[in-house]
Amino acid sequence: MNKSDLLEELELCNECKMCFEVCPVYKATHREVFSPASRLSTAKKILSGEAVTAQMIESIYNCCKCQLCESICPQGISITSIIHEARVALAEKGIGPTEKHNRVIEGIQRLGNSVNGDPSKRLEWLPEEFVQRESETLFFVGCLPSYLVQEVARSSYLLLKRLGFNFMILQDEGCCGVYFYDSGRTDLAREKFEENAERFRKLGIKRVVVACAGCYRCFKRYYPQLLGHVDFETVHIVELLPSLLKEKEMQPKRNNLKVIYQDPCRLGRMEGLYQQPRELLELCGVKIREMPQNKEKALCCGAGAGIRSVYPHLSLELASRLLDHVDLEHLVSSCPFCTFNLRYALKKMGREKTIKIDYITQIVLDSLY
Ligand code: SF4
Ligand code: SF4
């Protein structure tokens, strides 16, 4: 959407305030300025070139881009896209993103990952010696799984191998660039996307398999959006595994687990991947209990779109509010960032022993042994 289309769409808001009822940030802060509708008027001011205040910057950047507001807005306004364009406008004016964003951005440029990881330890998770394989399919591990939730990387890798799936990994994988994009630094995002897309093209990569919901959204939507076209398709591992298990006639042992499945915003509400992770768990004999708010109404874990690094208290509050709705001692997610943030919140709440949080491939792998 171009700027005039955005400004036109902004006018559709009739201030019905229905979005107030669902926005997790508004509900956590009780500040109208952080409601979706107020963010829209802030975006309008920014896009129209009005003077920008510190509070306006905060209201544009403390949105976790969960899209819950869009699921309820009767006017069908693309609220998160408009907020995103306001971030881009702030970055173009040189008054966004914030200092904290800039520290993460500098870290990605220096180290090649968004979590301050030592590049020489990028493959520490790998359960065997690295061998450079050739394949048209790349398993893109992601920054969080490579460093902070390594069992995501390990279990996904072992599972794909166990199922005889032909894939390669990269020794110096780097970052997908979603943090650049989400912070409004389109210039840096485009540069990173071009670099990765060119690298994949040279390696003959036709398919990129990811474990992270953020990488998924980035490769699948933001790469084509900024580059116009990419030569690879993007597949989340939960899309791949059900058919792979059936094709290989694998019979996971019935593990009689009962879990709550958490729908990550970027896989569920944004991409409609509701059935695949549920089918995968059911193939392993897992009984699923649904969250009171699930699928398109699922709550956000509070980690994405730069919130965790820039507004950590808010992020923690959103994660805690989600956990308050978990009435079972086992939760499973298909996103490493949700897994990480929810575990962190549990620890901060002193409740780490009350709920076990697993990434989905760990459950599947365990059921194959
Ligand atoms: S995307 Fe989520 S956090 Fe942002 S305004 Fe909408 S509901 Fe609120
Ligand atoms: S739900 Fe939509 S129309 Fe209603 S106040 Fe929110 S943004 Fe405006």
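The values are calculated or read from the model by the stated rules, or taken from the named source; none is laboratory data. Quick caveat, the model's predicted, so the values are computed rather than measured. Methodologically, a virtual Cβ is constructed for each residue, glycine included, from the backbone with ideal geometry; neighbour enumeration extends over all protein chains shown. Side chains included, ligands, DNA and RNA excluded: accessible areas come from the protein's heavy atoms. Shrake-Rupley method; radii C 1.70, N 1.55, O 1.52, S 1.80 Å.
Please tell me if ASP187 is modelled with pLDDT of 95 or more, over 24 Å from LYS295 (Cα atoms) and among the acidic types (Asp, Glu). Answer is yes for this residue. The listed residues are GLU32, GLU70, GLU58, and the only one of them that is over 20 Å from LEU7 (Cβ atoms), touching a helix residue (DSSP H, G or I) at 6+ places or on another chain (Cβ under 6 Å) and open to solvent by 20 Å² or more (accessible area, probe 1.4 Å) turns out to be GLU32. LEU12 meets each of the listed conditions (1) touching a helix residue (DSSP H, G or I) at 6+ places or on another chain (Cβ under 8 Å); (2) among the aliphatic types (A, V, I, L, M); (3) within 16 Å of ligand 1 (Cβ to nearest atom) apart from (1). Is one or more of the residues making up region 279-295 assigned to a loop (DSSP other than H, G, I, E, B), at pLDDT below 95, out of contact with any Ser or Thr (no Cβ under 6 Å at 6 or more places or on another chain) and within 16 Å of ligand 1 (Cβ to nearest atom)? Taking every residue of region 279-295 in turn, at least one turns out to be assigned to a loop (DSSP other than H, G, I, E, B), at pLDDT below 95, out of contact with any Ser or Thr (no Cβ under 6 Å at 6 or more places or on another chain) and within 16 Å of ligand 1 (Cβ to nearest atom). Candidates are the residues of region 122-147 that are aliphatic (A, V, I, L, M) and buried (at least 22 other Cβ atoms within 10 Å of the Cβ); the one that is farthest from GLU233 (Cα to Cα) is LEU144.
Yes or no, residue by residue, for (1) among the aromatic types (Phe, Trp, Tyr); (2) open to solvent by 10 Å² or more (accessible area, probe 1.4 Å); (3) touching a helix residue (DSSP H, G or I) at 6+ places or on another chain (Cβ under 6 Å); (4) outside any helix (DSSP H, G or I):
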residue: ARG190; (1), (2), (3), (4): no, yes, yes, no
residue: PHE200; (1), (2), (3), (4): yes, no, no, no
residue: GLY214; (1), (2), (3), (4): no, yes, yes, no
residue: CYS218; (1), (2), (3), (4): no, no, yes, no
residue: VAL238; (1), (2), (3), (4): no, no, yes, no
residue: MET250; (1), (2), (3), (4): no, yes, no, yes
residue: ARG254; (1), (2), (3), (4): no, yes, no, yes
residue: PRO264; (1), (2), (3), (4): no, no, yes, yes
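When CYS301 is tested against (1) under 16 Å from CYS338 (Cβ atoms); (2) touching a residue at least 60 places away in the same chain (Cβ under 8 Å); (3) not β-branched (Val, Ile, Thr), exactly one condition is not met: (2). Per the listing ILE169, ILE82, ILE95, the residue uniquely in contact (Cβ under 8 Å) with a residue 24 or more places away in the chain and either among the hydroxyl-bearing types (Ser, Thr, Tyr) or open to solvent by 40 Å² or more (accessible area, probe 1.4 Å) (or both) is ILE95. Applying the criterion of at least 3 residues that are within 16 Å of ligand 1 (Cβ to nearest atom) and at negative phi to the helices (runs of 4 or more DSSP H) found wholly in region 62-141 leaves 68-72, 79-93.
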